[in-house]
Amino acid sequence: MKQTCLVLLLMIAVNLDARSEGLKLEDRFAIADVMSSYALALDTKDYPLLKSLFAVDVEVMMIFDSNSPDGGEIKLTGIEAWIEFVEKALDGTKASQHLLGNPAISFNGEKAIVRTNLQATEYYKDANKPKTTLWGFYETHMVRDKDWKITKHTITSIGSE
């Protein structure tokens, strides 16, 4: 019985290591923390924090569903363009809440790719437009230098109201 349990535990450990492809547990926590910090930075309009999470040459793509007031696709390159876009987009809001689902992290030895489900609600200063809620997901590419940095970030909307 003990041998069977040990073999089973060894198989689980080997499978977890193979699935993570060398990504350490502390890296997984750090990557999830980047995503949580991203949501926090948006909700608190903490632009220095937001900027610290991205590589200087980040590529950002936003793909909105057909019902979204933003409509279509937006592509930005570079941290300054991204921060400027976010500041302008959040300028009309009095509050927002970005709820993120569990990050599904894959790693190819060089970069981590994180898929994170999203529900974002924005409450506007304009009383005629009280709020908008968007559902979707992020696909976020990160590399590790000293810290994990976002190099590519795609926001895909699957619905909004």
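Throughout, read-outs are computed from the coordinates displayed, never taken from laboratory work. The structure displayed is predicted, hence computed values, not measured ones. Cβ placement follows ideal geometry from the backbone for every residue including glycine, while neighbour counts extend to all protein chains displayed.
Annotations for the structure displayed:
- Here the contact order of segment 15-161, divided by its residue count and restricted to Cα pairs under 8 Å and six or more residues apart, works out to 25 percent.
- Pairwise FRET efficiency - residue 143 versus residue 95, Cβ, R0 = 25 Å, nearest 0.05: 0.20
- Projected label distance in nm at residue 84 and residue 44, using a 7 Å step from Cα toward the beta-carbon: 2.7 nm
- Amide H contacts under 5 Å for residue 58, placed H, 5+ residues apart: 78, 79
- Of the cross-linked pairs 51/125; 88/149; 88/146; 24/45, those separated by over 28 Å at the C-alpha level are 88/146; 24/45.
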